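Everything below concerns the one structure shown next.
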Amino acid sequence: MKRAVLISCFDWYKARLKTVRELLIEQGYDVLILEADFDHIKKIPISIRYSECTYIHVPPYKGNISYGRIRSHLSFGKQVADFICELKPELLYCQVPPNNTANECRKYKIRNPETKLIVDIIDLWPESMPLERIKRTPPINVWRNWRDDAIKVADHVFTECDLYKEKLKSVLDPSKTSTLHLYKEQTEEERKLVEEIIRRGKTDDVVRFAYLGSMNNIIDIEGICEVIQRTIEQGKTCELHAIGDGESREKFEGAVKATGCQTHFYGPVFDELEKIRILTPCDYAFNMMKGDIAVGLTIKSIDYLSYDLPLINNIRGDTWSYINSYNIGNNIDDKSFIEICSINRHNIHSFFLEYLSKAVFVDGVEKAFNMIKV
C-alpha cells in the first residue's frame, strides 16, 4: 500500500487535514499525520488529541517571537525528517509554517524525486511578523529561503488565500499552484439556530458589534474604537460582545469602554451553539488588524460569515476584494474613514456556501490530486 505523510506543527487536523486524509484513503493510501504536541496559542500541551494523529513532543515556549519558539520548531522539523526517512512515503503533504519543516521535506524530495510533495501555505512567516526591523536580517532571510526553496521543488502548492499567491509570485509556478481557502462545516442544528436568531430581528436601536478570537498585539484596537466612537457620535447606543482572550484583553476592554460603548467580554467560548447565541444577534463583526499584516482571510472572518455577520474589515487582500465584489461587509480605509452601512445578511450565507464550504474545499483538493496523479 502507498504511504502518505501529512505534517502540521499547528494542529490543523480537524480544520484541514482530516478531509485531506479522507481523500487520500479513498485513493488507496495508508496515511500518517504528524502534529506537534504543543498548543501554540495557549502555550500549553495540547488538550485534545485525535486517534488518527501521531504527536511529536516539542520543547514548550512562551513568546511568539522568541528563541524558544525557534528551538521548538527546529525540534519538530528534525523529528519529522526522522519519521519520513524511516517510512519512505510516496506522498508528502507539508503545511507551512514552520519553514524549517518545509526544508526537511525539500531535502527528502531531492533524494527521492519520485515522491510527490505538496506544500500547503497557511501563513507567511516572516511576512506576517509585526516587527519590520528584523524581517530582512540574515537569519530571517534563511528562514524565508527554506520555504521558497521547498516551493520550487514541490509538485503542487496550495495557498490559503490569493494574497499569499500574490506575495510569493516570484517563486511560485502558476501551473502548479491553487488557492485552497479554509472551510467550515456547519451542522443542521447550528444553521437553524443562526436563521432563527436572524428571523427574530431587532427589538431596539442598539448597534451591537462582535469580536471573536485572540486579543493580542496585532488587533487594531485604535481602529475598532474609532468605528465605535463614530457610531456613538451619530447618536447610537453601542455594545461590543467579545469572545476570546489574550495579553491585550484588558487594554482592549478599557479602550472600548472609554468610548462610551457597553462591553460584554465572555472569555474563551468553545461551544459552537453558544458562540452563535452570543454573536449572531450582533449587527457587525470586527475583522481589523494593525498595519500591513499578510493575512488574506482570517479564521475569525470565516466564523463571522458562517453566522451571517457583516464584516467591518481593514485587512487588504482576499477579504477586502470579496467585500467589494459580494457586499458582505464594510471596508475601513485608514486614510479616509468610510462610514459603515447596513448589509443584507442573506448575501453572506450565499457567499459562505460558494467559497468557504467543505464541498468547495474537497473540489480544490481533488483537482490538485488529479493534476499530479496522486
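The values are calculated or read from the model by the stated rules, or taken from the named source; none is laboratory data. Given the structure is predicted, the values throughout are model-derived calculations rather than measurements. Using ideal geometry, Cβ is built from the backbone for each residue, glycine included, and neighbour counts are taken over all protein chains shown.
Restricting Leu23, Leu74 to those that are within 21 Å of Arg144 (Cα to Cα), surrounded by fewer than 20 Cβ atoms within 10 Å (Cβ to Cβ) and either in contact with a helix residue (DSSP H, G or I) (Cβ under 8 Å, 6 or more places away or on another chain) or of a type in the set (S, T, N, Q) (or both) reduces the list to Leu74. Residue count for segment 110-128 satisfying the condition of being surrounded by fewer than 24 Cβ atoms within 10 Å (Cβ to Cβ) and part of a loop (DSSP other than H, G, I, E, B): 10. Is it the case, given these coordinates, that Pro60 is without any contact (Cβ under 8 Å) to a residue 24 or more places away in the chain and in contact with a helix residue (DSSP H, G or I) (Cβ under 9 Å, 6 or more places away or on another chain)? It is true that Pro60 is without any contact (Cβ under 8 Å) to a residue 24 or more places away in the chain and in contact with a helix residue (DSSP H, G or I) (Cβ under 9 Å, 6 or more places away or on another chain). Within segment 214-252, the set of residues being free of Cβ contacts under 8 Å to residues at least 60 places away in the same chain, assigned to a helix (DSSP H, G or I) and crowded, with 17+ Cβ neighbours inside 10 Å comprises Ile221, Cys225, Ile228, Phe252. Residues in segment 266-281 that are touching a residue at least 24 places away in the same chain (Cβ under 8 Å) and of a type in the set (Phe, Trp, Tyr): Tyr266 alone.
Taken as a whole, the structure leaves Leu182 outside the set of residues that are more than 21 Å from Glu366 (Cβ to Cβ) and either buried (at least 17 other Cβ atoms within 10 Å of the Cβ) or outside the structural domain of Leu124 (by TED's automatic domain parsing) (or both). Within the set of pairs 6+ apart or on separate chains, which have a first residue in segment 115-144 that is under 16 Å from Val157 (Cβ atoms) and of a type outside the set (Ser, Thr, Tyr), a second that is at pLDDT below 80 and crowded, with 18+ Cβ neighbours inside 10 Å, and C-beta atoms under 7 Å apart? Correct list of pairs: Leu124/Ala294; Glu127/Ala294.
Counting only helices (runs of 4 or more DSSP H) that sit completely within segment 309-374, those holding 1 or more residues that are farther than 29 Å from Arg277 by Cβ correspond to 318-326, 358-372. Selection over segment 80-109 of residues that are over 25 Å from the mean Cα position of the chain (by Cα), part of a helix (DSSP H, G or I) and farther than 24 Å from Lys165 by Cα gives a count of 8. For the residues Trp143, Trp125, the requirement of being of a type in the set (Phe, Trp, Tyr) and more than 22 Å from Tyr13 (Cβ to Cβ) singles out Trp143. Could you say which residue among Cys105, Cys94, Cys161 is hydrophobic (A, V, I, L, M, F, W, C), in contact with a strand residue (DSSP E or B) (Cβ under 8 Å, 6 or more places away or on another chain) and more than 26 Å from Ile299 (Cα to Cα)? Criteria check complete, one pass: Cys105. Among the numbered conditions (1) more than 26 Å from Leu163 (Cβ to Cβ); (2) over 20 Å from the mean Cα position of the chain (by Cα), the only one that Asp245 does not meet is (2).
Given the condition surrounded by 15 or more Cβ atoms within 10 Å (Cβ to Cβ), out of contact with any Lys or Arg (no Cβ under 9 Å at 6 or more places or on another chain) and without any contact (Cβ under 8 Å) to a residue 60 or more places away in the chain, answer yes or no: does some residue in segment 282-294 qualify? No, segment 282-294 contains no residue that is surrounded by 15 or more Cβ atoms within 10 Å (Cβ to Cβ), out of contact with any Lys or Arg (no Cβ under 9 Å at 6 or more places or on another chain) and without any contact (Cβ under 8 Å) to a residue 60 or more places away in the chain. When the helices (runs of 4 or more DSSP H) confined to segment 138-210 are screened for residues that are farther than 17 Å from Ser128 by Cβ, those reaching at least 2 such residues are found at 138-153, 188-200.
Within segment 196-213, take every residue that is surrounded by 16 or more Cβ atoms within 10 Å (Cβ to Cβ) and β-branched (Val, Ile, Thr) and give me the one that is farthest from Glu272 (Cα to Cα).
Step by step, filter segment 196-213, then rank; the result is Val207.
Of the residues making up segment 138-175, not one is of a type in the set (Val, Ile, Thr), surrounded by fewer than 19 Cβ atoms within 10 Å (Cβ to Cβ) and under 20 Å from the mean Cα position of the chain (by Cα). For segment 4-22, the set of residues classified as modelled with pLDDT of 95 or more and of a type in the set (Lys, Arg) consists of Lys18, Arg21, listed by residue number. Summed over segment 253-263, residues that are surrounded by 14 or more Cβ atoms within 10 Å (Cβ to Cβ) and in a loop (DSSP other than H, G, I, E, B) total 2. Residues that are farther than 23 Å from Ile315 by Cβ and part of a loop (DSSP other than H, G, I, E, B) within segment 270-297 comprise Phe270, Asp271, Pro281, listed in sequence order.
If Ile328 passes every condition in (1) closer than 26 Å to Pro126 by Cβ; (2) free of Cβ contacts under 8 Å to residues at least 24 places away in the same chain but one, which one does it miss? Condition (1) is where Ile328 drops out.
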